[in-house]
Each structure stands twice: as C-alpha cells, then as structure tokens.
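Visitor: This is the structure, below, for whatever I ask next.
Derivation of every value follows stated rules applied to the coordinates shown; laboratory data play no part. No experiment lies behind these values; they were computed from the predicted model shown. Cβ placement follows ideal geometry from the backbone for every residue including glycine, while neighbour counts extend to all protein chains displayed.
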Amino acid sequence: MSAISLQGISKHYSDHVVVDQLDLEVQAGEFMVLVGPSGCGKSTTLRMIAGLEDISAGRLLIGGRDVTHAAPHERDIAMVFQSYALYPHMTVYMNMAFGLLRTSKLSRSEIDQRVQEAAARLQITDLLQRKPNALSGGQRQRVAIGRALVRKPKVFLFDEPLSNLDAKLRTHMRGELERLHAELGITIVYVTHDQVEAMTLGTRIAVMDRGQVCQVGAPMEVYRQPASRFVASFIGSPQMNFLPVPAGAGVGENGLQAQFGDAVLQPGAVLGLRPEELHLSSATDSAEMPLSALRWHGVVQRVERLGAEAYVQIRVGSADVLVRADVDAALVTQQAILLTPELSCLRLFDAQSGARLLSLAA
Ligand SMILES: Nc1ncnc2c1ncn2[C@@H]1O[C@H](COP(=O)(O)OP(=O)(O)OP(=O)(O)O)[C@@H](O)[C@H]1O
Ligand SMILES: [Mg+2]
C-alpha cells in the first residue's frame, strides 16, 4: 500500500487547468521530489495533498484512507513552507509546541519531551527562548522543520524549504534533511524547481510540466533515460546538448536512415548527448574515420577550466554545444575540432514532439 496515492487529481480555477489528471504513488519511507519549472503546478499539487487547496477532480489516499475531502488536520501530515510561516510573537519553543497544545491530547510533559527531542536533533536547543526575528534564515528553517517533527505525522510535505538560504547553507541543510530522512525513516514529498536539489535528495523524482507528471524514477534513471526532450533538458547541469543528426553521416543504402548498433538514426530527429558523453579529437583525425561515422565538425568558442574539469563551448553549425574535457587538454579558442558521441549513450528525440524515439543507454 502506498503512503500517498494521487489518482487522477486535477485542479482548475474556473476553466484554467493547473493540475491535469495527475497520478502518483509515493511509497512509505520514500523521499519523493516533485520538480519542474515555475508555474507547472508543484505547489498546487502539494497543497492539495495537505488539504489547503480543494481537489477539483480525482482521489487522494493517505495511508490507504480516502482523504480527498478531509480537513487538513484529519490527514496526518505536516507541511514546511518556503516562508517558514513562524509566529513572530512566540518563542521558538512555543512555535514548536503551539500546534500540539492546541490540537493534540498530549500532556504538557509529553509535548515538552517532543519539543526537546526535536530541538536536540536539529541543534536548536540553545535557541528555544528566542523569538524568530532574532534568528538567521537557516535557524528559522530549522524551527519550521522542528514544528513539523514534533507532530510525528505520517507524511512531511516541503515546499521549496531551502530557497531562501544562501548557497552554502542550502548545501548544509540538504545534508541535514537527508540525515533526518534516513534516521527517522519518514515519508517526504518535497517540492523544488531546483534540479540539483531533486537529484541529490530524492529517492525518486517526479518531473512535472504544465500540470502533469512527465516521468517518475530514481534520479540517475531519469538522468540517463529521460522520457522526453523536456525531461532531458530540465534534469542535468550543465544541460544536455541537442544536435541534429548530421546530414550525410551514417546514411544507409536507402539514403534515409542508418544503423549504429541497434540505433536507427532518422534525419530530422534530434540527438541528445550530455557534456560528458561527447569526445573531442583533432579535426585532422577526420580523414581516418569511416564516412558513415557519427561526428560533427565544430570550432572552439570558449574553454572554462573549473579546476577538476573543463567545459568547452563549441560552435557546431549554428548551435553551441558544451563538452566536458580534461583540464589539461590543449584546447584554444577558434580551434577546429571534431566531436564524436559515446555510442552507447545515443538518445534520439522526435524533432517536433520531443518524445524519445530510442535509447541505447543502460
Ligand atoms: N488561486 C489561483 N487562481 C488562479 N490561478 C492560480 C491560483 N494559484 C495558482 N494558480 C496558477 O496555477 C499555476 C501553478 O501554480 P503553482 O504555484 O502550483 O506552480 P509551481 O510549480 O509551484 O511554481 P513555482 O516554482 O513558481 O513555485 C500557475 O500558473 C499559477 O498562476
Ligand atoms: Mg511553488
């Protein structure tokens, strides 16, 4: 039984469809990340799970129970918002205890124990008597998480909880969230538009676009086997390169298509290759390659040496392609160069619809 089951969930505002018949199963103990561009419906989906937004159509089950129309407090969930939403006039202690004091039947000492335990886990015991305006952003975020923890809910919902923090603190808090998830074995649904957060935190990620889930899978599975050009371009940084099947390359006897291993390359389709899946060689090597080999001629525009690795921007026809290279590679601006793909990584997308036509990647 799934911890959360979204069955054909839709949300519309008058005739504007924001979430469109969305299906998603979240398993108990899973860290599910909903990721997608701004406006694709992530927060709306999360708020429907929380009960903060009416569900226009479909069914929502939490722990096997139909809660489609249940009030938020009947759902056994806790939500952590981007804005923290702390009560400014209350101490950290009261911010964490307040919900339990108001809605639970727990005794004062049981509540105290839960607050102390959560504070210790989040390393905010020293801050319990402070008010939120005397805290840093990271500390406020911990209080907001603590307030969720003390309720011991079945499911934690997070909406961009780290986006107000600076880069260093964000990385640190990512580690903290990972640790909490591992230690407590809790079920999390986490919304972000940041694909790095999705890749690093999710046990599975659901990539959303325009109110629908395009693909659900383990991060590396989605990275390697994107179901569409949209997913391919959204997941991965730097972005995947999209290259036209080069005219003449690999043209078979019928003049229309060619085989590379099991791959059939159709003219007009688009090849998707990540920066680490393209190899560079000197343009003069070109003569030694069989005419049918898949390759592109390009000119080096820029070499960015980042320390451990380098990224080379190469103009191919009218497109710019980014290739990861060795930092010590002798590459200079305006150098003519040859790009060849890792054949086992070939991914082919339909030029019009963006649907994936083929992949050889494991
Ligand atoms: N109350 C509302 N009335 C009408 N449209 C709304 C309402 N709330 C949200 N929307 C629209 O629903 C769409 C999805 O919004 P949502 O907040 O779920 O996006 P999101 O994926 O969370 O984006 P972001 O990454 O920017 O937070 C947007 O186009 C938004 O304008
Ligand atoms: Mg949002």
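Visitor: Averaged across orientations, what area in nm² does the convex hull of the alpha carbons in the range 11-77 project? If you can, show how the numbers build up before the last one.
Guide: On the way: hull surface 19.1 nm².
Mean shadow area of the hull around the Cα atoms is 4.8 nm².
Visitor: Looking at the chain only, what percent of DSSP beta bridges run antiparallel? Nearest 5 please.
Guide: 75 percent
Visitor: State log₁₀ I(q)/I(0) for the chain at q = 0.08, 0.12, 0.15 Å⁻¹ as given by the Debye formula over alpha-carbon point scatterers of equal weight, solvent excluded.
Guide: -0.52, -0.93, -1.21
Visitor: Which of the lysines could a cross-linker bridge to Lys42, judged by Cα under 16 Å and excluding same-chain residues fewer than eight apart?
Guide: Straight-distance partners of Lys42: Lys11.
Visitor: Assuming 0.36 nm per residue, please report the length gained on full extension of the stretch Met1 to Glu276 beyond their Cα-Cα distance. Present the calculation step by step, with values, prior to reporting the outcome.
Guide: On the way: separation 275, 0.36 × 275 = 99.00 nm, distance 3.93 nm.
Length difference between fully extended and current span is 95.1 nm.
Visitor: Considering amide H positions built from the backbone, and no H for Pro or chain starts, which residues 5 or more places from Val18, or on another chain, come under 5 Å of its amide H?
Guide: Lys11, His12, Tyr13
Visitor: Here's another thing I want to ask about it. Could you tell me the relative contact order of the chain? Use alpha-carbon pairs under 8 Å, at least six residues apart, and round to a whole percent.
Guide: Dividing the mean separation by the residue count of the chain yields 15 percent.
Visitor: Running a GNM on the chain with Cα contacts under 10 Å, which residue among Ser104, Ser318, Ser228 ends up with the highest mean-square fluctuation?
Guide: Top of the fluctuation ranking is Ser318.
Visitor: May I ask you to list the lysines whose Cα is less than 19 Å away from that of Lys105, ignoring any residue fewer than eight positions away on the same chain?
Guide: Lys152, Lys154
Visitor: Additional query: Could I get the Rg over Rh figure for the range 196-246? Both from C-alpha atoms, Rh via Kirkwood, rounded to two places.
Guide: Expressed as Rg/Rh, it is 0.99.
Visitor: If you project the alpha carbons of the range 1-122 onto the principal axes, what extent comes out on each, in Å, largest first?
Guide: 47, 32, 24
Visitor: Using the beta-carbon distance between Gln334 and Ser233 and R0 = 30 Å, what value does 1/(1 + (r/R0)^6) give for FRET efficiency, to the nearest 0.05?
Guide: 0.60
Visitor: Right, next: Give the separation of the Cα centroids, the range 49-95 to the range 122-198, in Å.
Guide: Spelled out, the Cα-based centre of one part sits 16 Å from the other.
Visitor: Suppose R0 equals 25 Å. What FRET efficiency, 1/(1 + (r/R0)^6) with r the Cβ-Cβ distance, do Ser104 and Asp66 give to the nearest 0.05?
Guide: 0.60
Visitor: Is it possible to state the helix-based mean residue ellipticity at 222 nm for the chain, with each DSSP H run of 4+ residues giving -39500 (n - 2.57), the sum divided by total residues, to the nearest 500 deg cm²/dmol? What is it?
Guide: -7000 deg cm²/dmol
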